[in-house]
Amino acid sequence: MSDRFDLEAEIRDLAARRDIAAVTARYMRGLDRIDRDLLLGAFHDDAFVDCGVMQGNREEFADFALGFLGDMGGTHHMLGQSIITLHDVSNASGEWYFQAYHDVTGENGEARDLFISGRYVDEYACREGQWRIAKRTLVTDWVTDTAGSRAFFEQNPTAPRGLRQGRDFSQTRDWPTMDMPANAPA
């Protein structure tokens with residue numbers, strides 16, 4: 001057994017973990033922004049997804065998820081702690097905790113707040129230098145559906161709000177123009 005530190009192996013390990021985390025973040029962003037290309041790009045072409053209420057390939061999952069989420073007023077998916085295990089240079093497994101908020105409308109038109117918490121149990125593969133999800137099962141740990149309020153948005157109509165399908169500020173970066181004072185440094 002060698003006590004020699006293998007810098008190259010450590011860098012490969014860190015880069016793989018970084019890339020897997022980036023893929024998972026893009027997946028979440030694809031859901032919230034209703035961005036099909038971004039969502040599909042988190043998965044390999046032959047990926048399998050089981051989200052509890054549907055099982056299928058990445059295209060079937062994207063159709064289901066974006067159809068389900070697209071009718072909502074907004075969503076907010078957040079990642080929590082994760083465990084990533086690298087098996088070799090091209091295979092890994094992981095588990096990510098998540099919480100997801102959904103702005104839904106109840107049967108009588110009332111605002112509802114639907115929260116889902118759980119874990120993504122994943123298998124990852126690195127193909128052609130790209131780490132992506134090869135298999136994903138969404139495990140639901142808890143769900144709550146409560147009366148909601150949209151009063152903040154009604155009281156603050158100019159406050160930036162999360163939007164979808166290319167209209168979100170993070171996608172447009174539509175910064176206001178500001179007149180700089182004549183003596184301001186350039």
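The values are calculated or read from the model by the stated rules, or taken from the named source; none is laboratory data. Nothing here was measured: the structure is a model prediction, and the numbers come from that model. Counting neighbours? That spans all protein chains shown, and the Cβs are built from the backbone with ideal geometry, glycine included.
Close Cβ contacts (under 8 Å, 6 or more residues apart or on different chains) running from residues in region 151-172 that are of a type in the set (D, E, K, R) to residues that are modelled with pLDDT of 90 or more and loosely packed, with under 13 Cβ neighbours inside 10 Å comprise ARG164/GLY70. For region 128-180, give me each residue that is among the aromatic types (Phe, Trp, Tyr), surrounded by fewer than 13 Cβ atoms within 10 Å (Cβ to Cβ) and either more than 23 Å from the chain's Cα centre (by Cα) or more than 23 Å from THR24 (Cβ to Cβ) (or both). Passing the criteria: PHE152, TRP175. Filtered by the rule that a residue be under 15 Å from TYR27 (Cβ atoms) and of a type outside the set (A, V, I, L, M, F, W, C), region 58-71 gives ARG58, GLU59.
Taking ARG12 as the residue in question, decide whether it is more than 17 Å from TRP131 (Cβ to Cβ), among the charged types (D, E, K, R) and touching a residue at least 24 places away in the same chain (Cβ under 8 Å). Judged against the criteria, ARG12 is not a match.
Contact map, region 58-81: first residue free of Cβ contacts under 8 Å to residues at least 40 places away in the same chain and surrounded by fewer than 16 Cβ atoms within 10 Å (Cβ to Cβ), second residue outside any loop (DSSP other than H, G, I, E, B) and among the aliphatic types (A, V, I, L, M), Cβ cut-off under 8 Å, separation 6 or more or different chains; pairs are GLU59/LEU40; GLU60/VAL49. Comparison of GLY70, GLY80, GLY41 shows that the only residue that is touching a strand residue (DSSP E or B) at 6+ places or on another chain (Cβ under 7 Å) and small (Gly, Ala, Ser) is GLY80. Comparison of VAL49, VAL23 shows that the only residue that is within 14 Å of TYR124 (Cα to Cα) and in contact with a Gly (Cβ under 7 Å, 6 or more places away or on another chain) is VAL49.
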